[in-house]
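Structure first, commentary second.
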Amino acid sequence: MGSPVVHFEIRSGDPDATRAFYGDLFGWTFPDGGMPGYTYVETGIDGALPGGISPLQGGKPVVTFFVGVADVGKTLDAAVAKGGTIVQPATDVPGVRFGLFADPHGQVVGVATPTG
């Protein structure tokens with residue numbers, strides 16, 4: 001199985017101000033994401049990589065991307081075995097299981113898989 005980039009996310013201490021900034025800068029709009037404070041990013045281009053803007057989720061502000069994987073937990077464990085650290089453990093929200101890790105140099109990357 002390949003591992004494509006499937007989503008991007010901007011986590012902010014002030015998501016409303018973040019949305020205002022990117023909306024004004026790029027003309028993005030922000031449909032409701034179904035969770036408190038979370039919105040999707042609508043770029044206005046069909047087929048664009050989906051994304052979201054959210055409040056902080058137990059960490060610092062971060063801009064990251066998510067890679068599609070077959071098993072979020074196993075991938076997080078593999079990242080730790082290779083010297084990474086878990087930033088957010090496997091978490092289930094409607095329609096997806098995801099988690100984040102930091103590589104040995106501190107870059108934060110998410111992994112995700114759809115749930116049925």
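Points to keep in mind about this one:
- Shown here is the pair-distance distribution of region 1-108: with all Cα-Cα distances grouped in 5 Å bins from zero up to the longest one, the shares run 2, 11, 20, 24, 19, 13, 7, 2, 0 percent.
- For the chain, accessible area per residue (1.4 Å probe, heavy atoms of protein chains only), Å²: 57 Å²
- Three-way shape label, region 53-95, alpha-carbon gyration tensor, a/c 1.5: oblate
- Shape class for region 1-63: oblate, because the ratio a/c of the largest to smallest gyration tensor axis (alpha-carbon atoms, square roots of eigenvalues) is 1.5 or more and b/c is at least a/b.
- Amide N proximity, region 31-70 versus D103 label position 7 Å along Cα-to-Cβ, cut-off under 14 Å: 64-67
- Rg over Rh, two decimals, region 28-81 (C-alpha only, Kirkwood Rh): 1.04
- Carbon/sulfur fraction of accessible area - the chain, other protein chains in place, 1.4 Å, %: 60 percent
- In sequence order, region 88-96 has phi-based couplings of 9, x, 3, 10, 9, 10, x, x, 7 Hz under the Karplus curve 6.51 cos²θ - 1.76 cosθ + 1.60, θ = phi - 60°, and Gly or Pro positions carry x.
- For region 12-28, Karplus couplings with θ = phi - 60° (6.51, -1.76, 1.60), whole Hz, Gly/Pro x: 10, x, 9, x, 5, 5, 5, 4, 4, 4, 6, x, 5, 6, 10, x, 5
- Ellipticity at 222 nm from helices only: DSSP H runs of n ≥ 4 in the chain, each -39500 (n - 2.57), divided by the residue count, give -5500 deg cm²/dmol.
- Table column - 3J(HN,Hα) (Hz), region 34-44, Karplus curve with 6.51, -1.76, 1.60, x for Gly and Pro: x, 10, x, x, 9, 10, 7, 10, 9, 7, x
- Under 5 Å, built H, 5+ apart or other chain: amide partners of Y38: G33
The values are calculated or read from the model by the stated rules, or taken from the named source; none is laboratory data. Bear in mind that the values here come from a model prediction, so they are computed numbers and not experimental data. All Cβ positions, even for glycine, are placed from backbone atoms using ideal geometry, and neighbour counts span all protein chains on display. Note: areas computed on protein heavy atoms with side chains; ligands, DNA, RNA excluded. Shrake-Rupley method; radii C 1.70, N 1.55, O 1.52, S 1.80 Å.
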